Amino acid sequence: SQTIHQWPATLVQPVGSPLSLECTVEGTSNPNLYWYRQAAGRGLQLLFYSVGIGQISSEVPQNLSASRPQDRQFILSSKKLLLSDSGFYLCAWSTTGNTIYFGEGSWLTVV
Amino acid sequence: DAKTTQPPSMDCAEGRAANLPCNHSTISGNEYVYWYRQIHSQGPQYIIHGLKNNETNEMASLIITEDRKSSTLILPHATLRDTAVYYCIVRVAGVSSGSARQLTFGSGTQLTVLP
């Protein structure tokens, strides 16, 4: 069966520091991969979308970037965090079955 | 504009069926109805989805009205672990960014299962 893992689960970072959130999917090949951010009011915003290695679509211009160095690995990064980057970040995947499955989420607090 | 409307909260007795309604009166012919749930501080969990026929899996049943303007998620025997926020979403088929963008999660319904 397919599984998705993302880490770290929680982190507290100072303003101006770098960020790296990592996500891996097991049990499937060539998945579509996504990074979402969930705001405090529970709204979900699509940040990045990838259909293959090295192919990244950015949905919202911001202080973040994404990379996909391997088929089932998706990384969310920032060179310098802002206070507004705080939130709950979710990695997700899908295949031709259309359903999107989410990871456990990562809580980021920028202080 | 919100594409779905759900009651903000519901209670259900443990062991009883939980019936969660959702209105989606502006749903398009190519849009599916999806249900997810989210327990606080965890990632959303996929439950079930359907186009126009009723669907059932090991977690729940989905009843879609004939005109597709509303649906009901049924948890047949609710347990305390089913306490969560339940989200009803409509989105087009396929794996395009547009389809992924539709996964916005509004306010949902806070289901509380009571012992």
If B:GLY43 satisfies all but one of (1) at the interface with chain A (Cβ under 9 Å from one of its Cβ atoms); (2) touching a Ser or Thr at 6+ places or on another chain (Cβ under 9 Å), what's the number of the condition it fails? (2)
Has the stretch A:44-53 got any residue that is farther than 22 Å from B:GLN42 by Cβ and surrounded by 19 or more Cβ atoms within 10 Å (Cβ to Cβ)? yes
Do we have B:PRO76 as in contact with a Cys (Cβ under 9 Å, 6 or more places away or on another chain) and not aliphatic (A, V, I, L, M) here? no
Got a sec? Which of A:PRO61, A:PRO69 is more than 13 Å from chain B (Cβ to nearest Cβ), at pLDDT below 90 and either out of contact with any strand residue (DSSP E or B) (no Cβ under 6 Å at 6 or more places or on another chain) or over 18 Å from A:ALA39 (Cβ atoms) (or both)? A:PRO61
Pairs returned, first residue in the stretch B:21-33 that is under 13 Å from B:THR65 (Cα atoms) and free of Cβ contacts under 8 Å to residues at least 60 places away in the same chain, second residue that is charged (D, E, K, R) and surrounded by fewer than 19 Cβ atoms within 10 Å (Cβ to Cβ), beta-carbon separation under 7 angstrom, 6 or more apart or interchain, are B:ASN23/B:LYS69; B:SER25/B:LYS69
Of the numbered conditions (1) under 10 Å from the mean Cα position of the chain (by Cα); (2) within 13 Å of chain A (Cβ to nearest Cβ), B:LEU20 satisfies every one except a single condition; which is it? (2)
Qualifying positions in the stretch A:72-105 - among the charged types (D, E, K, R) and at the interface with another protein chain (Cβ under 7 Å from one of its Cβ atoms): A:GLU104
Would you mind stating whether A:SER78 is in contact (Cβ under 8 Å) with a residue 12 or more places away in the chain and among the hydroxyl-bearing types (Ser, Thr, Tyr)? yes
Assuming B:ALA17 fulfils every condition listed in (1) touching a residue at least 40 places away in the same chain (Cβ under 8 Å); (2) more than 20 Å from A:LEU90 (Cβ to Cβ); (3) buried (at least 16 other Cβ atoms within 10 Å of the Cβ) apart from one, which condition is it? (3)
Among the candidates B:GLN110, B:GLN42, single out the residue that is of a type in the set (S, T, N, Q) and over 21 Å from B:ARG16 (Cα atoms). B:GLN42
Residue in the stretch B:100-115 that is within 14 Å of another protein chain (Cβ to nearest Cβ), among the charged types (D, E, K, R) and within 27 Å of A:TYR36 (Cα to Cα) present: yes
Considering only residues that are out of contact with any Lys or Arg (no Cβ under 7 Å at 6 or more places or on another chain) and farther than 19 Å from A:GLU104 by Cα, which ones fall in the stretch A:19-54? A:SER29, A:ASN30, A:VAL51, A:GLY52
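The values are calculated or read from the model by the stated rules, or taken from the named source; none is laboratory data. From a predicted model like this one, the values you see are computed outputs, not experimental measurements. With ideal geometry, Cβ positions are generated from the backbone for all residues, glycine too; neighbour counts draw on all protein chains shown.
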